[in-house]
Ligand code: ZN
Ligand code: ZN
Ligand code: FE
C-alpha cells in the first residue's frame, strides 16, 4: 500500500538548490507529489512505496546540496492524495512570518569539530554556535529575531566575532548568539551556597571530579537546568531520587556518543536518526539483555523498566562535560518533583537547594523553560510523548484560516496553543498545573506566546472541567470563553495533525476527563460528522472509591471494578490481591463509601481499567507516578498467543430516534475470566497479553457497529505500544484505517491544539 509523507524543512534551504535536489531525488525514486518554497521553509509532499519513502527520507538528510543545512525537519504520514507525477509547485508567499521562530538546535558538526580543535579560537568554548545551530526559542524575547531581541543583547561582540557576523560568506553571518571566549558568556561552578569555586576550564574539571565522586551537579543548559549524576552509581542515583522526591519514575540519560548508547540499548536506523537529529530529543530505547550490555547503568535509573530514555549531548557545554566525564550521566530536569524546570541560577540555587551539591552555571539568560522532548519510534514511525525543545514552537497546519484563538489546555502535562491564520502554534510542555510555580510558568508562557506571535485572541478555549486552573484562568480573561470537552479535544488533536477527513470514529482512551454528563470519562468513542462530535460508545462505568486517590492507588480502581460486578459481595473475595492490600478497617470504610456513593465518582476510564487489572494481577497496588501501573501491565505481557477474553458490546438503550446509542463495552465477562485464571495460577504474562488483545478487539467491534473506515486513536492509553500494535493490527485486519498521533502527544500535551481544532471544526468561533 502507498504511503504519503508531508513535511517542512527549515534551515538554509532556500537559494541553495534545495528544491531541484528534492525534485531529482523524488524523480529518481519514482515518487509522486510536490515540493515548494514558502515563508516557513521548503514543503515536501511525496507518496509511493513505504520502503522507497524511507529511502527518500534518509537520502534527503544525507545527500542534500553542500550549502544547504537542515535545522529542522518535521513530517507526518498522511493519506495518499493520488498524485501521478512529481512537480515543483510555485512558491507560496502566504503564511505568517511570525511562524518563523525556530526551536533550539543541537550543536552542528562544523561547530563540534571547532570545539575540539586546539587550533581554533573557540577551542573548548562552551557557547560556540553558528547560523546552523544553537539556542533560538530559549533566548528570544521579541520579533524580529535579532540580537537586541535575544538574551545575547548584553554581550557586545568583539571585532573578530563582529566580522564573522557581518560577512555573508561566513558560517556565522547573522548568527544572533555568536560569541567567543573574548566576548561571550562564560561558565562558573558554584557550591551549594552560591560561592564561585571555579570558572571556565576549572569549573568544568571540578564538576567532572564531583560527578566521579557521586555528587549531584545542577547544570544550566539551553532551556533550563538538568540534575546530573553518574549513571553507573546506584548510590548517587538513589540519593538524587530521595532529594528530588522522585521514587521510581524513570530518569533520562545523556550518553557521550552513539557508540556508548549501543553498549546499553538496541538502536535501529530510525532511532539513530532521531538521536542524532538537530532536534536531539530523548529517545526511548529498549535495553539490551544484561548479558549483552557492556556498560553500566544502575538499575534504579529506571526500575523494572525495559526502556531507557536516552539523549546525546546537544550543547557545546554538554559535549565537553560528557567527553571529560567519559561515562553516561543521568540528566533529569532540574526541578523538585513535578515543578517546572529551573532556568535562572539564583532561582536554581534556591529551589534546588538540598538537591544539588554543585551548580555549573553560565551567564547567558534563559527566557523560557524548555524541557527535553521525549519521543519513541515504533514501526519506523515517530510518537512524540513530550513536545518541547527542538520542536516548540513550530506550527502545525489548520485545515482553514481561523481567527486568532488561545487554547489553555488541560491540567496535567499542560501546553498552550495559539492560532494565527492557518498556523497552529503549540507551546513547549509546561508541566502539571499542581504547584504555584507551575501555574505561574503557565501564565507567563501564555502571555509571552501571545506577545511573541502578536496574537490577539478573539476567544479563549479551555477544558470543560470548571475546576482546572487553566479553565479558571480562561474565565478570568476578558475574551469570550469556549469550553471544549476533554476527549473531544483529544480526538480533534489527532484529526488535525493527521488531516483526517470526516466522517470518522475517534477513540479517546485516557485516565480522566470530565464528561458532558458530569461523570468521569476516559473510555470514549465519538462519531465525528457534520460539525459534531457525537459520543457513540464508551466503556462500562464503575465507581472510584476516594476519587482522585484512585490515581495513586490502583487497588482502589480494582475494588471499584469488583464492586460494580458484585456489590457488597465483592468484599467476600478475600483471596483477591487488591482486597488483601487493604486493612480490615480500611475495607469497612471503603464499603460504606461505595454503598452510599460517598466520594466515589463513576467513571468509564480506560486508564483506570488498566490500573485495576494491574492491581488484580498483583503487579501494583500503589503508583508513585502517573501511568505506572498501566505501564507495568504492558511490560508484563509476553505477547504470545492470540486468545482473547469475552466482552459484550451492546446499545445502552433506545434513543428517541430509535437508535440504541451509545454502545457500552462491558468488561464483566473478561474480568471474571481473568480473575479465575489468576486464581488458577495462570502467569501474569499470559493474562496481560490477553487483556491487551481483548481491548483491541473491543475497539474493532465498536468500529464495526459504527461503520466508519477511518478510526483515530488518541488519549494517554495510546502511549502503550502493545495496545497500539494490537489495535492497529486488528483494525487494519478488519478493513479499517487507523490513525495515530505523530507530532502531537497522545497524552494531555495534545489537548491545547485539540481545543482549537475542535472549536474550529464545530464552528464555535
Ligand atoms: Zn554550528
Ligand atoms: Zn568574540
Ligand atoms: Fe486526557
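What value does the range 262-368 have for Rg/Rh, both radii from Cα atoms and Rh as Kirkwood defines it?
On the way: Rg = 15.7 Å, Rh = 16.0 Å.
Taking Rg over the Kirkwood Rh, I get 0.99.
Counting other C-beta atoms within 10 Å, which of 161, 183 has the fewest, and how do the rest follow?
Working: 161 21, 183 15.
Listing 161, 183 from fewest to most nearby Cβ atoms yields 183, 161.
Based on the alpha carbons, how large is the Rg to Rh ratio for the range 3-88 when Rh follows Kirkwood?
Working: Rg = 11.6 Å, Rh = 12.6 Å.
Rounded to two decimals, Rg/Rh equals 0.92.
Test of understanding: ordering 74, 85, 497 by Cβ neighbours within 10 Å, fewest first, what list do you get? Spell out each step's value before the answer.
Values: 74 21, 85 11, 497 26.
So the residues, fewest neighbours to most, are 85, 74, 497.
Compute the relative contact order of the range 187-362 as a whole-number percentage, counting only Cα pairs closer than 8 Å that sit 6 or more residues apart in sequence. Let's see the in-between values first.
On the way: 354 pairs, mean separation 65.9, N = 176.
That works out to 37 percent.
Given labels modelled 7 Å from the Cα in the Cβ direction, how far is it in nm from residue 169 to residue 379?
Computed distance between label sites residue 169 and residue 379 equals 5.2 nm.
How far apart, in nm, are two points set 7 Å out from the Cα along the Cα-to-Cβ line at residue 729 and at residue 363?
Distance between the two pseudo-spin positions: 6.0 nm.
Just from its helices, what would the mean residue ellipticity at 222 nm be for the chain, if runs of 4 or more DSSP H residues each count -39500 (n - 2.57) and the sum is divided by every residue, rounded to the nearest 500 deg cm²/dmol? Before the final figure, lay out the partial values.
On the way: 23 runs with 243 residues, N = 765.
So the calculated ellipticity at 222 nm is -9500 deg cm²/dmol.
Over the alpha-carbon set of the range 579-730, work out the extent along each principal axis and list the three values in angstrom, largest first.
49, 41, 30
Could you tell me the convex hull volume per residue, in Å³, taken over the Cα atoms of the range 101-185?
90 Å³
Just rank 245, 465, fewest to most, by other beta-carbon atoms within 10 angstrom.
Working: 245 11, 465 18.
In order of increasing Cβ crowding within 10 Å: 245, 465.
With label points built 7 Å along Cα→Cβ from the Cα atoms of residue 153 and residue 599, find their separation and express it in nm.
Spacing of the two 7 Å Cα→Cβ label points: 5.1 nm.
Where both partners of a DSSP beta bridge lie in the chain, what percent of those bridges are antiparallel, to the nearest 5? Present the calculation step by step, with values, prior to reporting the outcome.
Details: 87 of 118 bridges.
Of all bridge pairs located within the chain, approximately 75 percent are antiparallel.
Give me the number: length gained by fully extending residue 54 to residue 737, i.e. 0.36 nm times residue separation minus the C-alpha to C-alpha distance, one decimal in nm. Could you put the intermediate results ahead of the total?
Values: separation 683, 0.36 × 683 = 245.88 nm, distance 2.06 nm.
Value of the extension gain: 243.8 nm.
On each of the three principal axes of the Cα atoms of the chain, give max minus min coordinate, whole Å, ordered largest first.
82, 61, 56 Å, listed from the longest principal axis down.
By how many nm would the segment from residue 648 to residue 109 grow when fully extended, if each residue of separation counts as 0.36 nm and the alpha-carbon distance is taken off? Display every interim value, and only then the final one.
On the way: separation 539, 0.36 × 539 = 194.04 nm, distance 5.71 nm.
Working it through step by step, the gained length comes to 188.3 nm.
What angle do you read, to the nearest 10 degrees and between 0 and 90, between the alpha-carbon axis of helix 721-733 and the longest principal axis of the chain?
The angle comes out at about 70 degrees.
Would you work out if the range 187-362 is rounded, prolate or oblate? Take a ≥ b ≥ c from the square roots of the eigenvalues of the alpha-carbon gyration tensor; rounded if a/c is under 1.5, else prolate when a/b is larger than b/c, oblate otherwise. Don't skip to the answer; put the middle values down first.
Working: a/c = 1.72, a/b = 1.48, b/c = 1.16.
Prolate.
What length, rounded to one decimal in nm, is gained on full extension from residue 709 through to residue 16, with 0.36 nm per residue of separation minus their alpha-carbon distance?
Details: separation 693, 0.36 × 693 = 249.48 nm, distance 4.28 nm.
Here the answer is 245.2 nm.
We did not get these values from a lab; they are worked out from the coordinates using the rules stated. Computed from a predicted model, the values in this text were never measured in an experiment. Methodologically, a virtual Cβ is constructed for each residue, glycine included, from the backbone with ideal geometry; neighbour enumeration extends over all protein chains shown.
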